[in-house]
Amino acid sequence: MDLCLVACGEFFPASTSIKWISNLLGCFWFFPLAMAMFLDPERETEGLDLLVALDFMQAGVFCVAAYLYFFYIPRSSATGTLGHSIWTPYFFAYVFLAGAFWLRSALTHSPLARSLFRGLAIFLVCSDVADVLYRYGPFHGLRSGSWFDLVWNVNLAVPLVLAAAWQQPAVQDFSAEGAKHDKKIYTEIFYLFFPLLILVMSLRIATERLSLAAAVIFLSFACSSARLLLTQHRLVKAQDALRWEATRDGLTGLWNRKAVLEILERELPRSERHGIPVGVIMADVDHFKAINDSCGHAVGDRALQIIASEIAAVVRPYDSVGRYGGEEFLVVAPDCGPHATWELAERIRAHIAKCNIDDAGASLKVSLSLGYAAGSSSADIERLLHEADTALYQAKNAGRNRVEPGLGESAKSVLSQAAR
């Protein structure tokens, strides 16, 4: 881009804006390059990361502030060439970044990242030497088109060669050893350097051009605010994802065993306070082992997913369905006495009996055996689970595809009410 602007300056020599932009990019082109020092080449995802884009925008604002601070303001208040006090910090920045890249290459565990960062360090050292020779050495005063331009252009081609030769690893390492290479929190401090330095330089700029200082601070604040909002948004999404993984079953999307038991533990004290029972239903897929053996585990997993979604569709919105283990499901039904729990279990059984699982064009019938119990005491959780589980195995022993009450329930009264 800088070369293009220089070419435009040759055709439009009177354009001061193009000259300013060309000087800006020519003097501070290496500052955005410093962002690469905090990237992890083996961990970055494909595509443009918005956080990286915002960081580069902040680096661009820093370059503008640095140009105003080191070159524009001193030049507007002085005549002649810029002195050593102006160029010394500029060359020091070269040395500092080169040393930082070399240290980064020494600390990294990846051979690929080590070669990349070491190459960038060597490139910055060569660039610094070239600029020092041009400003203070025997090449001082050379005009554009001299042979020294060829040396500088070859130096500029080094990062292009590094980028062209770079090969992203095909397989990322997510092992325990690879986890040690994750970026540490201290790398986030780097992103505070640019806004802090911009604020410091803007104090000097404001003494000469208040409007320019205000514009620079506003742009820096906009980039920092956008980065903060984006980071907060990603943090909320990560927390939601972690919460989902901690409470949901990975195959069916239902509550996992721990989560559904916690729901039952919360519902029982509430039902005890209000005097309203809670129903518990245990359901098990009939002949599931035969499905896995004859049709394969993929069909078995698909069957579990369909059964889980169908159970969730039948129950009430405030009921909770969880995968209790294997092919076994647990339903927590608040405000359900024995009879209401039986009706819900029977509705689930009848609905699943109508479902078909496609297996290579063939239709596979599935059914459930269910056991249920009801209680209203916070001390009943173990009893309810035991009674519902015992009733489930009674349903299996009685021929499967049926609903059986728990031992503590009056089976005859429930069945007689159902018969009416």
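The values are calculated or read from the model by the stated rules, or taken from the named source; none is laboratory data. Keep in mind that this is a model prediction, so the values were computed, not measured. Every residue, glycine as well, gets a Cβ built from its backbone with ideal geometry; the counts of neighbours run over all protein chains shown. Heavy atoms of the whole protein, side chains included, go into the accessibility calculation; ligands, DNA and RNA do not. Shrake-Rupley method; radii C 1.70, N 1.55, O 1.52, S 1.80 Å.
Using beta carbons and a limit of 6 Å, which pairs, at least six apart or on different chains, have the first residue in segment 58-74 and of a type in the set (Ser, Thr, Tyr) and the second one part of a helix (DSSP H, G or I) and surrounded by fewer than 20 Cβ atoms within 10 Å (Cβ to Cβ)?
So the pair list comes out as TYR69/ARG204.
What's the number of the only condition in (1) in a helix (DSSP H, G or I); (2) acidic (Asp, Glu); (3) open to solvent by less than 90 Å² (accessible area, probe 1.4 Å); (4) modelled with pLDDT under 90 that ASP240 fails to meet?
(4)
Could you say which residue among ARG400, ARG383, ARG347 is modelled with pLDDT of 90 or more and outside any helix (DSSP H, G or I)?
Just a single option satisfies the conditions, and that option is ARG400.
Any residue at all in segment 370-378 that's crowded, with 17+ Cβ neighbours inside 10 Å, modelled with pLDDT under 95, touching a Cys at 6+ places or on another chain (Cβ under 7 Å) and under 21 Å from GLU310 (Cα atoms)?
Looking through segment 370-378, none of the residues is crowded, with 17+ Cβ neighbours inside 10 Å, modelled with pLDDT under 95, touching a Cys at 6+ places or on another chain (Cβ under 7 Å) and under 21 Å from GLU310 (Cα atoms).
Can you tell me which residues in segment 368-380 are of a type outside the set (Gly, Ala, Ser) and in contact with an Asp or Glu (Cβ under 6 Å, 6 or more places away or on another chain)? Step through it out loud before you land on a result.
At the first step, the residues of segment 368-380 found to be of a type outside the set (Gly, Ala, Ser) are 368, 370, 372, 380.
None; the set is empty.
Select from segment 314-328 the residues that are small (Gly, Ala, Ser) and in a strand (DSSP E or B) and write down the one among them that is most open to solvent (accessible area, probe 1.4 Å).
GLY325
When TYR67 is evaluated against the numbered criteria (1) at pLDDT 70 or above; (2) among the aromatic types (Phe, Trp, Tyr); (3) open to solvent by 30 Å² or more (accessible area, probe 1.4 Å), which criterion, by number, is the only one it fails?
All conditions pass for TYR67, except number (3).
Residues are listed down the side, and each one gets a yes or a no for (1) more than 37 Å from the chain's Cα centre (by Cα); (2) within 17 Å of SER378 (Cα to Cα); (3) open to solvent by 60 Å² or more (accessible area, probe 1.4 Å); (4) touching a residue at least 40 places away in the same chain (Cβ under 8 Å):
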| position | (1), (2), (3), (4) |
| --- | --- |
| ILE263 | no, yes, no, yes |
| PRO269 | yes, yes, no, yes |
| HIS274 | yes, yes, yes, no |
| VAL280 | yes, yes, no, yes |
| ALA283 | no, no, no, yes |
| HIS287 | yes, no, yes, yes |
| VAL299 | no, no, no, yes |
| LEU304 | no, no, no, yes |
| ALA312 | no, no, no, yes |
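Being polar (S, T, N, Q) and touching a helix residue (DSSP H, G or I) at 6+ places or on another chain (Cβ under 9 Å) is the filter; apply it to segment 194-232 and report the residue that is most open to solvent (accessible area, probe 1.4 Å).
Within segment 194-232, the subset polar (S, T, N, Q) is 202, 207, 211, 220, 224-225, 231-232.
So of that shortlist, the ones also touching a helix residue (DSSP H, G or I) at 6+ places or on another chain (Cβ under 9 Å) come out as 202, 207, 220, 224, 231.
Working: SER202: 3, THR207: 102, SER220: 7, SER224: 42, THR231: 58 Å².
So, considering only residues that are polar (S, T, N, Q) and touching a helix residue (DSSP H, G or I) at 6+ places or on another chain (Cβ under 9 Å), the one most open to solvent (accessible area, probe 1.4 Å) is THR207.
Condition first: surrounded by fewer than 18 Cβ atoms within 10 Å (Cβ to Cβ) and not in a helix (DSSP H, G or I). Now tell me which residues in segment 93-119 satisfy that.
Result: HIS109, single match.
Name the residues in segment 329-352 that are more than 26 Å from HIS274 (Cβ to Cβ) and surrounded by fewer than 17 Cβ atoms within 10 Å (Cβ to Cβ), would you?
The answer is ALA350, HIS351.
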